[in-house]
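Student: Quick one: the structure is below, and I'll ask about it shortly.
Bear in mind these aren't lab numbers, they're just calculated from the coordinates by the rules spelled out. Quick caveat, the model's predicted, so the values are computed rather than measured. Cβ placement follows ideal geometry from the backbone for every residue including glycine, while neighbour counts extend to all protein chains displayed.
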Amino acid sequence: MARGGRNRLDQPRAPQRKLLPEIDPEAFGRLSERVARFLGTGRFIAWMTVIVVLWVAWNVAVPDRLRFDPFPFIFLTLALSLQASYAAPLILLAQYRQTDRDRVTLEQERRQNERSIADTEYLTREIAALRIGLGEVATRDWIRDELGAMVREMAEHRVVFPLEGGHPPPGEAGPARTDTDR
């Protein structure tokens with residue numbers, strides 16, 4: 001300690017003794033979940049029923065000197081109250097932890113859904129752009145039609161303007177040649 005009861009910031013604090021032990025909240029939470037999970041089972045109910053029946057049967061059927069909890073069963077009531085007083089907070093703690101996990105899971109799912117929606121919208125826009133682009137792309141049928149139209153147009157022009165050199169185009173028979181033409 002420095003003067004005036006102030007802590008110095010340039011030196012680490014001395015470890016202080018604590019009255020209560022430090023408990024790892026995560027380990028305690030896992031333990032509470034295991035206990036809560038057990039308390040919610042049929043096995044727990046069956047064991048509790050067996051214990052209570054044996055307790056009552058012992059304290060009713062045995063001689064008075066061997067009874068440890070006579071008829072109003074005060075000790076049994078105290079034991080069950082103690083068990084309930086510990087079980088309720090452990091169950092609540094387990095529920096809070098489950099609620100926190102559910103909240104985190106829902107948040108992750110919400111983010112994933114937002115990403116999926118954004119991706120879907122992007123892909124929808126891309127598909128629309130491709131469809132628009134395909135409307136401007138020459139297809140095989142369109143090219144065949146255009147080439148066929150050009151061939152027809154060329155054939156029409158050849159009839160109108162016959163070849164000037166006198167040679168027929170390949171594949172067409174021209175006038176018969178004689179020896180004098182050579």
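Student: Tell me, what HN-Hα J-couplings in whole Hz come from the Karplus equation 6.51 cos²θ - 1.76 cosθ + 1.60 at θ = phi - 60° for each residue of the range 84-91, using x for Gly and Pro?
Tutor: Couplings: 5, 5, 8, 5, 4, x, 5, 5 Hz.
Student: Could you work out how far apart the two model spin labels at residue 20 and residue 92 are, taking each label as a point 7 Å from the Cα in the direction of the beta carbon, and quote it in nm?
Tutor: For the pair residue 20/residue 92, the computed spacing is 1.5 nm.
Student: Would you kindly derive the ³J(HN,Hα) couplings of the range 35-43 from the backbone phi angles with the Karplus curve 6.51 cos²θ - 1.76 cosθ + 1.60 (θ = phi - 60°), listing them in order in whole Hz, with x for Gly and Pro?
Tutor: These are the phi-based 3J(HN,Hα) values: 5, 4, 4, 5, 5, x, 9, x, 4 Hz.
Student: Follow-up. ³J(HN,Hα) across the range 109-126 via Karplus (A = 6.51, B = -1.76, C = 1.60, θ = phi - 60°), whole Hz, x for Gly/Pro?
Tutor: Ordered by residue, 3J(HN,Hα) equals 5, 5, 4, 5, 5, 4, 5, 5, 5, 4, 5, 5, 5, 4, 5, 4, 5, 5 Hz.
Student: Place a +1 charge on the Cβ of each Lys and Arg in the range 25-93 and a -1 charge on the Cβ of each Asp and Glu, then give the dipole magnitude about the Cα centre in debye, rounded to the nearest 20.
Tutor: 140 debye
Student: Compute the distance in nm between two label points, each set 7 Å from the Cα along the Cα-to-Cβ direction, one at residue 153 and one at residue 120.
Tutor: Placing both labels 7 Å beyond Cα along the Cβ direction yields 4.8 nm.
Student: Per the Kirkwood treatment, what hydrodynamic radius in Å, one decimal, follows for the range 19-109 from the mean inverse distance over all distinct Cα pairs?
Tutor: Value: 16.0 Å, from the Cα pair sum.
Student: May I pose another question? Apply the a/c threshold of 1.5 to the C-alpha gyration tensor of the range 97-163 and tell me whether it is rounded, prolate or oblate.
Tutor: Verdict is prolate for the range 97-163.
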